[in-house]
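Enquirer: Quick one: the structure is below, and I'll ask about it shortly.
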Amino acid sequence: MKKQINLRSMAAQAVEQVIEQGQSLSNILPPLQQKVSDKDKALLQELCFGVLRVLPQLDWLINKLMSRPMTGKQRTVHYLIMVGFYQLLHTRIPAHAALAETVEGAAVIKRPQLKGLINGVLRQFKRQQEELLAEFAQSENHFLFPKWLLNRVQKAYPHQWQHIVEASNQRPPMWLRVNRQHNSRDSWLTLLEETGLQGFPHPDYPDAVRLASPAPVTALPGFAEGWVTVQDASAQGCIAFLTPKNGERILDLCAAPGGKTTHILEAAPEASVLAVDIDDQRLSRVYDNLKRLGMKAQVKQGDGRFPEQWCGDEQFDRILLDAPCSATGVIRRHPDIKWLRRDRDIPELAQLQSEILDAIWPHLKPGGTLVYATCSILPEENSQQVAAFLKRTTDAQLSETGTPENPGLQKLPGAEEGDGFFYAKIIKQ
Ligand SMILES: C[S@@+](CC[C@H](N)C(=O)[O-])C[C@H]1O[C@@H](n2cnc3c(N)ncnc32)[C@H](O)[C@@H]1O
């Protein structure tokens with residue numbers, strides 16, 4: 001018998017794995033999407049991302065409308081009800097279809113006895129929707145952020161925190177990077193327009209284009225041929241500071257999946273690039289990206305804290321260190337980050353970043369450039385990290401990006417802008 005597909009129960013199980021088992025949505029979702037049609041892929045993604053984006057609201061509603069929490073083997077139904085609320089509140093799916101499909105989801109996960117309960121809770125919500133939402137708007141959860149992270153963002157940005165939180169809870173724009181080895185950005189934009197899509201150039205980053213609304217990559221002119229790559233505008237800023245040149249030896253450390261490795265090679269096709277990452281599985285995506293773009297780089301698995309193990313005593317002209325970080329600048333792209341990260345991760349990550357910085361510094365040639373980058377918005381990983389490094393490293397000099405007391409350039413997420421990102425450019429004397 002053919003296995004029944006029900007997108008609502010699939011989404012509920014995926015969200016359950018994120019919340020209860022600490023798994024990342026980017027690992028869980030792709031294999032699930034392989035099981036459904038192209039049209040359903042987008043809806044499955046919308047349900048999973050959406051529920052995680054507004055999770056505290058959905059949790060709050062369940063607590064209001066149910067006398068006992070669902071535990072043990074019934075726990076998936078808790079998430080299924082969330083998927084139901086999400087559709088009624090945040091999508092244009094007609095209420096009758098949302099209800100019917102969600103209730104049917106209970107049968108698919110072998111809890112048919114709970115169909116009546118799900119139906120009852122969702123219908124009660126519909127009846128009391130306005131009062132409930134008004135009450136939620138007054139609750140302390142309405143920022144849709146975990147308390148520890150809200151505290152950190154409020155402390156770091158006393159005047160901007162509300163804007164940051166709002167931007168982080170929005171759907172992100174789709175940014176592309178035009179490979180100017182193939183087309184100028186303007187001529188690619190003309191090709192894009194001919195397909196009926198619209199894009200806007202970034203004012204500062206010469207390769208970056210924002211699509212008026214997200215589109216499948218297959219609709220983009222020359223995607224398979226490597227004319228264009230999906231990459232956030234702020235991530236593209238790294239190469240503006242690294243300024244790679246042909247003939248140079250360049251280390252891209254913490255390189256997977258290779259978004260910046262390929263950008264380096266677009267800017268300097270004759271550079272000799274070594275891309276290193278600790279994670280073998282993620283490294284396989286570096287090979288995929290190089291292949292699609294028809295580029296060559298040396299790729300190695302290695303730990304940034306122990307460079308002698310993978311590059312001996314080699315020194316590089318330029319080093320890009322796109323450090324492992326809290327990813328708090330890209331929450332709008334990865335809403336699961338809000339629920340996967342813990343407060344205690346921040347000092348642990350800061351420690352790892354400083355160990356990698358100290359270990360890699362001797363591998364930069366005198367006169368060479370190191371760009372330290374993160375997709376974090378937290379000062380502990382960014383300005384404070386670099387300030388401490390500059391203080392203890394006598395031959396390191398900050399360039400272009402800030403002052404030694406407040407080093408780096410901090411980008412915050414914005415509706416029509418790039419993600420939250422940090423760069424510091426450091427020259428070796
Ligand atoms: C922000 S991501 C890199 C994104 C990549 N630069 C790009 O543009 O596509 C950080 C990477 O650091 C890697 N990483 C974490 N700890 C590491 C370590 N100790 N040494 C080397 N890489 C590490 C992770 O596997 C992850 O791929």
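No lab work stands behind these numbers, since they all come straight from the coordinates. Computed from a prediction, not measured in an experiment: that's the story for all the values here. FYI the Cβ positions are ideal-geometry reconstructions off the backbone, even for glycines, and counts take in every protein chain you see.
Enquirer: Evaluate the Kirkwood expression for the hydrodynamic radius of the chain, namely the inverse of the mean inverse distance over all pairs of different C-alpha atoms, and round to one decimal in Å. Walk me through the intermediate numbers first.
Expert: On the way: mean 1/r = 0.0428 Å⁻¹.
About 23.4 Å, per the Kirkwood formula over Cα pairs.
Enquirer: Using a Förster radius of 25 Å, what is the FRET efficiency between GLN181 and GLN315 based on their Cβ-Cβ separation? Nearest 0.05, please. Before the final figure, lay out each step's value.
Expert: Values: r = 28 Å, r/R0 = 1.12.
In this case the efficiency is close to 0.35.
Enquirer: Follow-up question, since we're still on this one. Report the paramagnetic label zone for ALA97: residues of segment 42-77 whose backbone N is under 17 Å from a point 7 Å from Cα along the Cα-to-Cβ axis.
Expert: 42-48
Enquirer: Which length gain, in nm to one decimal place, applies between GLN384 and GLN429 when the Cα-Cα distance is subtracted from 0.36 nm times their residue separation?
Expert: Numbers: separation 45, 0.36 × 45 = 16.20 nm, distance 2.15 nm.
Computed gain between GLN384 and GLN429 is 14.1 nm.
Enquirer: For a quick check, take a GNM of the chain with Cα springs below 10 Å and name the residue from LEU370, LEU43, LEU58 with the largest mean-square fluctuation.
Expert: With Cα springs under 10 Å in the chain, the top fluctuation among LEU370, LEU43, LEU58 is at LEU43.
Enquirer: Shifting gears a bit: Could you tell me the largest-minus-smallest coordinate of the C-alpha atoms of segment 7-142 on each of the three principal axes, in descending order and whole angstroms?
Expert: Largest first, segment 7-142 extends 40, 32, 31 Å along its Cα principal axes.
Enquirer: Could you work out which residue, out of THR401, THR393, THR76, moves most in a Gaussian network model of the chain, that is, has the largest mean-square fluctuation with Cα springs under 10 Å?
Expert: THR393
Enquirer: Counting pairs of alpha carbon atoms under 8 Å apart in space and at least six apart in sequence, what relative contact order in percent does the chain give?
Expert: Working: 736 pairs, mean separation 56.2, N = 429.
Result for the chain is 13 percent.
Enquirer: To check you understand DSSP bridge types, tell me what percent of the beta bridges within the chain (both residues inside) are antiparallel, rounded to 5. Numbers along the way, then the final one.
Expert: On the way: 23 of 42 bridges.
DSSP beta bridges in the chain are roughly 55 percent antiparallel.
Enquirer: Hey, what's the Kirkwood Rh for segment 173-231 if you take every pair of different alpha carbons, in angstrom? Walk me through the numbers on the way to the answer.
Expert: Working: mean 1/r = 0.0903 Å⁻¹.
Roughly 11.1 Å, rounded to one decimal.
Enquirer: Rank ILE264, LEU149, TRP175 by how far each Cα sits towards the positive end of the charge dipole of the chain (+1 on Lys, Arg Cβ; -1 on Asp, Glu Cβ) and give me just the farthest.
Expert: LEU149
Enquirer: Using a simple spin-label model with points 7 Å from Cα along the Cα→Cβ vector, what separation in nm is obtained for ALA224 and LEU65?
Expert: 4.5
Enquirer: Calculate, for ASP204 and GLU20, the FRET efficiency according to 1/(1 + (r/R0)^6) with r their C-beta to C-beta distance and R0 56 Å; round to the nearest 0.05.
Expert: 0.85
Enquirer: Mean-square fluctuation check for the chain, GNM, Cα pairs under 10 Å: which of ARG341, ARG177, ARG111 is largest?
Expert: Maximum fluctuation in the GNM of the chain, among the listed residues, is at ARG111.
Enquirer: Now a separate question. Where the Cα atoms of segment 37-80 are projected onto their three principal axes, how long is each span, largest first, in whole Å?
Expert: Extents along the principal axes, in whole Å: 38, 23, 12.
Enquirer: Turning to a different aspect of this structure: Would you work out the relative contact order for segment 173-231, in percent, from Cα pairs under 8 angstrom that are 6 or more residues apart? Numbers along the way, then the final one.
Expert: Details: 93 pairs, mean separation 27.6, N = 59.
Dividing the mean separation by the residue count of segment 173-231 yields 47 percent.
Enquirer: Multiplying the sequence separation of GLU400 and VAL217 by 0.36 nm and subtracting their Cα-Cα distance, what value in nm do you get? The partial results should precede the final answer.
Expert: Working: separation 183, 0.36 × 183 = 65.88 nm, distance 3.49 nm.
Between GLU400 and VAL217, full extension yields 62.4 nm more.
Enquirer: Evaluate the relative contact order of segment 159-286 (contact order divided by residue number), counting alpha-carbon pairs under 8 angstrom at least 6 apart; express in whole percent.
Expert: Values: 195 pairs, mean separation 27.4, N = 128.
So the answer I get is 21 percent.
Enquirer: Quick one: length gained pulling ASN27 to ARG305 fully straight, 0.36 nm per residue minus the C-alpha distance? Display every interim value, and only then the final one.
Expert: Values: separation 278, 0.36 × 278 = 100.08 nm, distance 2.55 nm.
In short, 97.5 nm is gained.
Enquirer: Okay, next question. In whole Å, what is the distance between the alpha-carbon centres of segment 355-381 and segment 31-94?
Expert: 40
Enquirer: GLU166 label point, 7 Å along Cα→Cβ, cut-off 17 Å on backbone N: hits in segment 412-429?
Expert: From segment 412-429, the list is 412-418, 420.
Enquirer: Still on this model: Just to check I understand the Karplus step: with θ = phi - 60° and J = 6.51 cos²θ - 1.76 cosθ + 1.60, what whole-Hz values come out for segment 183-190, glycine and proline as x?
Expert: With the stated coefficients, segment 183-190 comes to 9, 5, 4, 5, 6, 5, 4, 5 Hz.
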